[in-house]
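Everything on this sheet refers to the single structure shown next.
The values are calculated or read from the model by the stated rules, or taken from the named source; none is laboratory data. Note that the coordinates shown come from a computational prediction; the quantities given were computed from them, not determined experimentally. Virtual Cβ from ideal backbone geometry, glycine too; neighbours counted across all protein chains shown. To get the accessible areas, we keep the full protein, side chains included, count just its heavy atoms, and leave off ligands, DNA and RNA. Shrake-Rupley method; radii C 1.70, N 1.55, O 1.52, S 1.80 Å.
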Amino acid sequence: MKKPIIIDTDLGIDDVVAITAALFSEELDVRLITTVGGNVGIENTTRNAVDLLTFLGKDTPVARGVGVPLVSKPKTASHVHGSTGIGEYRFEAKANEALLSDENAIVALKNHIVHSPEPVTLVAIGPLTNIALLLKTFPETLDHIEEIVLMGGAVEGGNSTPVAEFNIFADPHAAKIVFDTDIHIVMCGLDVTALTSVTNEDVEKLKNKGRAGEMVYQMLHYYKHAYSDGKITIHDLCTIFYLTRPNLFDVKRANVNVVTEGDAAGCTITHFTDDGNVSACVGADVEGFRNELLTVFEGIS
Ligand code: BDR
Ligand code: CA
């Protein structure tokens with residue numbers, strides 16, 4: 001049986017690659033996509049979700065979530081993903097607007113989770129605003145969630161500040177709620193996303209890998225400008241490959257404290273301990289990761 005997952009996303013360029021890989025995976029059943037403000041505003045992240053699903057010919061429902069962080073001021077990463085979130089790429093087909101649910105993301109998440117016959121894995125690849133609100137509003141969903149696999153944080157370093165990664169920095173209070181919840185969390189942080197960066201050569205190879213390959217090639221061609229050292233980091237894809245190819249990753253148990261205020265806001269202080277609720281990804285098979293990226297797009301017709 002395929003593993004049921006829900007993806008919560010601030011749909012930017014690396015989110016597109018991750019979601020596409022998930023939708024065509026033999027291991028995963030994507031039941032719902034929920035959107036959150038982050039890389040760009042909620043209007044664009046939601047539009048991108050509907051447009052991407054239309055382009056890929058998928059009928060996964062989309063529910064629009066919360067556009068602003070719980071407490072802090074909104075921050076975007078449009079300098080990385082462009083003003084619409086997908087660089088200069090434009091989806092041309094008329095969008096299948098029927099994919100967009102009338103329910104807001106928090107209610108849609110609750111309904112999908114509690115009505116699923118099997119526990120659902122939440123894959124969070126944006127700021128954790130929706131997930132924190134879900135856990136606080138509908139704590140009964142906890143019994144039906146297998147685990148949360150998220151892209152965010154870092155054992156060491158940051159990309160928004162010297163000590164904070166964007167998804168956590170963009171809503172540190174939400175991140176604190178999630179990490180402090182008694183649930184198993186897989187943290188794909190910068191430690192492992194930076195390690196699994198791909199090269200310009202890998203991106204070029206995607207160009208000839210069908211319609212989906214050509215689409216992500218064009219977006220990554222834009223995205224490269226943010227990675228002038230040539231290490232193109234498709235952060236969010238780590239969450240999907242963690243689920244489909246767990247052997248690619250080394251994990252270490254930890255507890256994670258999120259700093260919510262001050263100069264270190266968004267920092268994920270990671271205490272390694274066998275009793276921790278977090279499996280922090282600390283190592284990866286880099287060659288295996290790059291090969292898997294190409295294999296996935298090779299397989300999409
Ligand atoms: C994370 O922030 C966003 O810009 C990316 O989509 C990814 O989820 C990387 O720090
Ligand atoms: Ca993202």
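Gain in length, Leu142 to Glu43, computed as 0.36 nm per residue apart minus the alpha-carbon separation, to one decimal in nm?
Once the chain is fully extended between Leu142 and Glu43, it gains 32.8 nm.
Where the accessible area of the stretch 3-298 is counted over protein heavy atoms with a 1.4 Å probe, how much of it, in %, is carbon and sulfur?
48 percent
Give me the net charge for the shell around Arg253: Cβ to Cβ below 11 angstrom, other residues only, Lys and Arg +1, Asp and Glu -1.
Taking every other residue near Arg253 into account, the sum is -1.
Taking springs between alpha-carbon atoms closer than 10 angstrom, which of Ala226, Ala280, Ala175 fluctuates most in the Gaussian network model of the chain?
Ala226
Can you tell me the accessible area per residue over the chain, all protein chains present, probe 1.4 angstrom, in square angstrom?
40 Å²
Rounded to the nearest 10 Å², what accessible area does Val259 have for a 1.4 Å probe in the complete protein model?
40 Å²
Modelling each spin label as a point 7 Å along the Cα-to-Cβ direction, I'd like the Ala226/Met1 distance in nm, to one decimal.
Label at Ala226, label at Met1, 3.7 nm between them.
For Asn96, list long-range residues whose amide hydrogen, built 1.01 Å from N in the peptide plane, is under 5 Å from its own amide hydrogen.
Placed amide hydrogens put Thr54 under 5 Å from Asn96.
Ignoring ligands and nucleic acids, what accessible area does His173 show with a 1.4 Å probe (Å², nearest 10)?
40 Å²
Need one number: % antiparallel among DSSP beta bridges in the chain, to the nearest 5.
So the antiparallel bridges in the chain amount to around 30 percent.
Name the residues whose placed amide hydrogens come within less than 5 Å of the amide hydrogen of Ile234, ignoring near sequence neighbours (fewer than 5 apart) on the same chain.
Residues meeting the criterion, in which the H sits 1.01 Å from N, are Val198.
Could you give me the radius of gyration and the Dmax of the stretch 1-68, taking only the C-alpha atoms into account and expressing both in angstrom?
My reading of the Cα-based Rg and Dmax gives 11.3, 36 Å.
Just the isolated ones, please: cysteines in the chain lacking another cysteine beta carbon under 4.7 angstrom.
Cys267, Cys281
Tell me, what does the Kirkwood hydrodynamic radius of the chain come to in angstroms if you use every pair of distinct C-alpha atoms?
18.7 Å
Need one number: nm distance between label points at Glu27 and Ile183, each 7 Å from Cα along Cα→Cβ, rounded to one decimal.
Reported label-point gap for Glu27 and Ile183 is 2.1 nm.
Considering the chain as a Gaussian network with a 10 Å cut-off on Cα pairs, which listed residue, Glu201, Glu103, Glu261, attains the greatest mean-square fluctuation?
Sorting by GNM fluctuation, first place goes to Glu201.
When only Cα pairs under 8 Å and 6 or more residues apart are kept, what is the percent relative contact order across the chain?
19 percent
May I ask which residue of Val296, Ile86, Ile131 lies farthest towards the positive end of the charge dipole of the chain, with charges of +1 (Lys, Arg) and -1 (Asp, Glu) on Cβ and the Cα centre as origin?
Comparing the listed Cα positions along the dipole, Ile86 ranks first.
Please give the solvent-accessible surface of Ser78 in Å², to the nearest 10, using a probe radius of 1.4 Å with every protein chain present.
Counting only protein heavy atoms, the figure is 50 Å².
Counting only helical runs of four or more DSSP H residues, what would the 222 nm mean residue ellipticity of the chain come to if each run contributes -39,500 (n - 2.57) and the total is spread over all its residues?
That comes out to -10500 deg cm²/dmol.
What spacing in nm lies between the two simple spin-label points modelled at Ser83 and Ala98, each 7 Å away from Cα in the Cβ direction?
My value for the distance between the label points is 3.4 nm.
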